[in-house]
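The values are calculated or read from the model by the stated rules, or taken from the named source; none is laboratory data. Everything quoted here is computed from the prediction, not taken from an experiment. All Cβ positions, even for glycine, are placed from backbone atoms using ideal geometry, and neighbour counts span all protein chains on display. Side chains included, ligands, DNA and RNA excluded: accessible areas come from the protein's heavy atoms. Shrake-Rupley method; radii C 1.70, N 1.55, O 1.52, S 1.80 Å.
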Number of protein chains: 2
Amino acid sequence: MSEREDFLRVAGPAREAAAELAPLPRAAKDAALHAVADALVANAAEIVKVNAQDVARARDNGISEYMIDRLSLDEGRIAAIADAVRQVAALPDPVGETVRGTVLPNGLELRQIRVPMGVVGIIYEGRPNVTVDAAALCLKSGNAALLRGSSSAYESNSVLVRVMQDALRGTDVPANAVQLVPGTSRESVKHLMRARGLVDVLIPRGGASLINSVVEESTVPVIETGVGNCAVYVDADADLDMAIDILINAKTQRPSVCNAAETLLVHEGVADAFLPRALEALRAEGVTVHGDERVRSYSGDVVEATEDDYRAEYLSLDIAARVVDSLDEAARHIRTYGSGHTEAIVTNSQRAARRFVATVDSAAIMVNASTRFTDGEEFGFGAEIGISTQKLHARGPMGLPELTSTKYVVTGDGQIRA
Amino acid sequence: MSEREDFLRVAGPAREAAAELAPLPRAAKDAALHAVADALVANAAEIVKVNAQDVARARDNGISEYMIDRLSLDEGRIAAIADAVRQVAALPDPVGETVRGTVLPNGLELRQIRVPMGVVGIIYEGRPNVTVDAAALCLKSGNAALLRGSSSAYESNSVLVRVMQDALRGTDVPANAVQLVPGTSRESVKHLMRARGLVDVLIPRGGASLINSVVEESTVPVIETGVGNCAVYVDADADLDMAIDILINAKTQRPSVCNAAETLLVHEGVADAFLPRALEALRAEGVTVHGDERVRSYSGDVVEATEDDYRAEYLSLDIAARVVDSLDEAARHIRTYGSGHTEAIVTNSQRAARRFVATVDSAAIMVNASTRFTDGEEFGFGAEIGISTQKLHARGPMGLPELTSTKYVVTGDGQIRA
């Protein structure tokens, strides 16, 4: 059987399952999620055993211990994954919410209500817990999930999907609403990316190259997520103690994530007072600073910054640093090199804060707070499917409502158009 | 100079203009729109003269009188276009609206506010009034507009854009915020479609083949608009007089538009009572019915329907017709053949109405009303840039809010993440 046929063998039933799932009330979906959570715990031993095959193959392939840790499941991690599913069940159901409603002059009642997207494709790397997290968020929002994880986790993802499908068979949610895209080749992803009409939205989760290739090749609408070159701008009117705290937190509290700071911009008016302290604090945390000439004038430890440094999403203990003549120059730097994820300003000036918010075009702007707060949990959404860095449909952390579309329902008593 | 360079010569300045335009308050944008409207009227004679060149060329090329009428401008039409710009100025400004706002447990103030998209690309056919309408809606929502009309209207569009740019030079809105994509070749559209990072969203307006090619080839996020294969379903519990009125209105009031009905589905329980009357009424309006065997049993005038008829967006006095055994079969027909635009049910049954709304997955569902009401003006939005038939970002008629994105603004006093 061809890979295209393999793909259609899961995508067709997913589409049918989506139509069955869409009108289900919250109680039916929550019961299904609890059944999934229970089944994951009940089958933990088998899941761990299958996962060990992926881990062994990864070791044979010389994959780094860091990646192996991300790939590995044990009973404790499976219990945590099951708990996350129960937490999704406890969140409000976005489906059916009336977004707007009015009565038109001709007496027609107009309501715009939230409805599921239909079939959501998720393309992701590494960690098998995403298989369950993404499936749970899709089910809760009334969507069928077509999952395509990394080939390194294929056996683990297969058993997780099988356990979830078996659990769904005892519920009102059709088992076909959760499907793993068969195959591990590059070609098998392409069928998903070209499945316009079968798949309603694709959400790639992973590094910049994965996301770029999905955007380039997909005919299915894509929500770009997760690439972050975030800047901290220290304004002329900044509280410098606060600026040090925010800078160190944004850079070092968890350097491997998309909302960590990768760039420091300092107003020239506070460079003399701030940079010596900041460079010392960064060095104490083991951070390598890649600075322009003015930054380098404050310390011999600073490496020369290139254009690539300004553009870099390091995800490591590195930061690009530059002195700017004005807030507008900082905004220009961000416009030129940034990824539109999160930028922070540290300032006591109301005028500066307003201008930064108005002119910097990113998904999130932090005024006197760490970039690390751009996160669905921190924003109070309960869970997130990713952080959108595009402007269409969803921008910033995406919770359950961002996995829905809307539909207009117009009710009359025979109105026709004149 | 290459076409790619020509494109960048307008796209780069549009991007800069978008950054200047985004923070402008409503008064500045409204003043600019009034200046544009005044300039159109003041330059009407010149615009008509240039338009006559396009019309003459179209005649030489043997283009139909219908298309020539769509292409033609006179002083009356220009006055109407200017009035439409003034109406856009009178609409509320969506930019700056707080979509949600809360205070997080750690004291951070979280606000999600509407912001412009940035640069909006519009690809359209035929009528030069779209050049001005689209530019006005983009400016009002704080976006720069990159316009790409049909080659047949190139001279008309050029003079309209030049008049608008000249008018903007006397206002706070940068003249580069409205740009015509240079060139008339197929290649010149491709530069716009591949301008990811320079253009934030593309809205194709036109027929199915235009929209398909944009979706297939674009790396810029696309909002699909305007293809409509709309169905009227006459339920077992329908008021048959109402059903006739709605059917005739939906099919014949303006057959050439996307919200006209193209399909009639009749529950077998009312087929005997309804179809003879309906077929007679359709014939009286000059409509050709393409029916299945059961429909054909009621009249010798009915042509045999093929699968292509069920899929057709006729945009003419034709309709596909079928008898179905149940509401669920009607929903299945719509799922198989429909375009997800608008479907109507005629019924007195509350249960049937609820089930149709819940199971039919279209941008708009009409209960006892004509499909012709799916329209930005009719919905009270004041103006529309198009009718989205996709599920991402916007679905159904798109007004000014649908031309915006959002941004999170998080304000603190030094919060860092633990």
*For the pairs A:K391/B:K190; A:K29/B:K391; B:K29/B:K190, note any where the Cα-Cα span goes beyond 27 Å.*
B:K29/B:K190
*Using r as the Cβ-Cβ distance of B:D241 and B:R351, and R0 as 25 Å, what FRET efficiency do you calculate, to the nearest 0.05?*
0.70
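Please give the average number of partner chain Cβ atoms lying within 10 Å of the Cβ of each residue in A:367-378, rounded to a whole number.
On the way: counts 7, 7, 13, 7, 2, 4, 10, 2, 1, 0, 0, 8.
Counting other chains' Cβ atoms within 10 Å and averaging over A:367-378 gives 5.
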*asked:* Inside 10 Å of the C-beta atoms of A:192-200, what's the mean count of C-beta atoms belonging to other chains?
replied: 1
*Give, as ranges by residue number, the residues of region A:34-70 whose backbone N falls under 17 Å from the point 7 Å along Cα→Cβ of A:A79.*
A:37-49
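Rounded to the nearest 5, what % of the DSSP beta bridges within region A:230-373 are antiparallel ones? Don't skip to the end; give the middle numbers.
Working: 0 of 24 bridges.
Of all bridge pairs located within region A:230-373, approximately 0 percent are antiparallel.
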*Please report the relative contact order for region B:230-373, taking Cα pairs under 8 Å with a sequence separation of at least 6, and give it as a percent rounded to a whole number.*
34
*Hey, how many Å between the Cα centroid of region B:201-247 and the Cα centroid of region A:150-229?*
28
*asked:* List the aspartates and glutamates whose Cα sits under 15 Å from the Cα of A:K140, skipping any in the same chain fewer than 8 residues away.
replied: A:E20, A:D30, A:D83, A:D93, A:E97, A:D172, A:E384, A:E402
*For the pair B:E307 and A:T306, what calculated FRET efficiency results from E = 1/(1 + (r/R0)^6), where r is the Cβ-Cβ distance and R0 = 45 Å, to the nearest 0.05?*
0.15
*State the extension gain, in nm to one decimal, for the chain segment bounded by A:N106 and A:R9, taking 0.36 nm per residue of separation less the distance between their alpha-carbons.*
30.2 nm
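Please identify every one of the GluC sites (Glu not before Pro) in region B:1-110 that sits in a loop by DSSP and has no more than 10 other beta carbons within 10 Å of its own beta carbon.
Values: sites: B:E3, B:E5, B:E16, B:E20, B:E46, B:E65, B:E75, B:E97, B:E109; in loops: B:E97.
Passing both the DSSP loop test and the Cβ count: no residue.
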*Going by accessible area, probe 1.4 Å, with all protein chains left in place, what is the ranking of B:T171, A:T371, largest first?*
B:T171, A:T371
*Among A:H393, B:H333, A:H34, what's the order by accessible area (1.4 angstrom probe), most exposed first?*
A:H34, A:H393, B:H333
*asked:* Can you tell me the orientation of helix A:240-252 relative to chain A, as the angle in degrees between its alpha-carbon axis and the longest Cα principal axis, to the nearest 10?
replied: 50
*Qualifying GluC sites (Glu not before Pro) in region A:341-386, DSSP loop, other Cβ atoms within 10 Å at most 15*: A:E377
*Helix B:154-168 versus the longest principal axis of chain B: what is the Cα-based angle in degrees, 0 to 90, to the nearest 10?*
50
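What are the trypsin sites (Lys or Arg not before Pro) within region B:105-181 that DSSP puts in a loop, where the Cβ has at most 15 other Cβ atoms within 10 Å? Please list the in-between numbers first.
Working: sites: B:R111, B:R114, B:K140, B:R148, B:R162, B:R169; in loops: B:R169.
Filter output for region B:105-181: B:R169.
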*Angle between the Cα long axis of helix B:327-337 and the longest principal axis of chain B, 0 to 90 degrees, nearest 10?*
50
*Using +1 at the Cβ of each Lys and Arg and -1 at the Cβ of each Asp and Glu in the protein assembly as shown, identify which of A:G340, A:A84, B:V161 lies farthest towards the dipole's positive end.*
A:A84
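For the pair A:R186 and B:V257, what calculated FRET efficiency results from E = 1/(1 + (r/R0)^6), where r is the Cβ-Cβ distance and R0 = 60 Å, to the nearest 0.05? Numbers along the way, then the final one.
On the way: r = 43 Å, r/R0 = 0.72.
E(calc), rounded to 0.05, equals 0.90.
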*asked:* For B:R100, place a label point 7 Å from Cα along the Cα-to-Cβ direction in every copy; what are the distances to the other copies, in nm, shortest first?
replied: 1.8
*Counting DSSP beta bridges in chain B, what percent are antiparallel, to the nearest 5?*
30
*Residues in region A:25-46 near a label at A:D166, defined as backbone nitrogen under 18 Å from the 7 Å Cα→Cβ point?*
A:32-46
_Inter-probe distance in nm under a simple model that places probes 7 Å from Cα toward Cβ, at A:A284 and B:D272_ = 9.2
*asked:* Quick check on the protein assembly as shown: of the DSSP beta bridges with both residues there, what percent are antiparallel, nearest 5%?
replied: 30
